[in-house]
Amino acid sequence: MVTAGANQAYVNCVLTFLDEQGNDRPPNGGRIRKCVVFEPYYFNHVMAVQSTRGGKNCGGLACRGVGDDAESAGEVEGLLVGPTKHGVPDLDWLRSKLEQYKFTDAATSSSQSLGNAIRMVTLVNPGNPSGVALPYFFLKEITELTKEYGVWLVMDNTYEHFDVDGMNTIEGNGGPAYPCFDEEHVINIFSFSKGYAMAGFRVGYIALSSKASSIDGGKGMGTAAYEE
């Protein structure tokens, strides 16, 4: 899907996956669908939630002190801000939040997940503004983690050509220097603007898997989800 820059690609994801807020509470027992970003986050990702989802999503993010919980700084109801260490997202924190926000069958006391209030996890690689390029094994781990909980993983690869240390190269198998994960729950965002010095043209695109999925009621994700 070609978009008006990578920013429009991300806005499309927010419009698709997060609830618009008004005076009424959303379904799912009143639990608002949430998006995860990791600090230091790309400001336009937060602005996409603030500007399109309404209600308490229109608030600002408070400054927080060293040692404070990253989530406590958030006043945007549809947003969770995760911590990083040297620019690398904390996957233990992410797993704890995915566990905390999953829906379970209270009537039967079943621990089986019936979905998750966390709708999408955002990963920028290489990071903006940190510049940190995440290694392939980390990308594989977060891909598997989000798949385990049935959550969309939105990978913003705008700065793919800035991976100067070759962190994303799969060694020893002759694969591409910057592999994408062809998984049903992964959305890859790319930018001609940054990758090919075409900033004034505002051209980006979304790359989706065409695989069918049992997530989201078996309707299929990837291309099929956007067509619907």
Flagged links, alpha-carbon separation over 20 Å, of Lys34/Lys97; Lys85/Lys140; Lys34/Lys147; Lys102/Lys147; Lys85/Lys194: Lys85/Lys194
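Efficiency by 1/(1 + (r/R0)^6): what FRET value for Asp92 and Arg202, r their Cβ-Cβ distance, R0 = 35 Å, to the nearest 0.05? Walk me through the numbers on the way to the answer.
Working: r = 38 Å, r/R0 = 1.08.
Given R0 = 35 Å and the Cβ-Cβ separation, E is 0.40.
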Environment charge at Glu144 (Cβ cut-off 14 Å; Lys +1, Arg +1, Asp -1, Glu -1): -2
Under 5 Å, built H, 5+ apart or other chain: amide partners of Arg33: Asp19
Most to least accessible of Ser191, Ser96 (protein chains only, probe 1.4 Å): Ser96, Ser191
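The values are calculated or read from the model by the stated rules, or taken from the named source; none is laboratory data. Source: prediction; values computed, not measured. For neighbour counting, all protein chains shown are included, and Cβ atoms are generated from backbone atoms with ideal geometry for every residue, glycine included. Quick note on the areas: whole protein, heavy atoms, side chains included, nothing else; ligands and nucleic acids left out. Shrake-Rupley method; radii C 1.70, N 1.55, O 1.52, S 1.80 Å.
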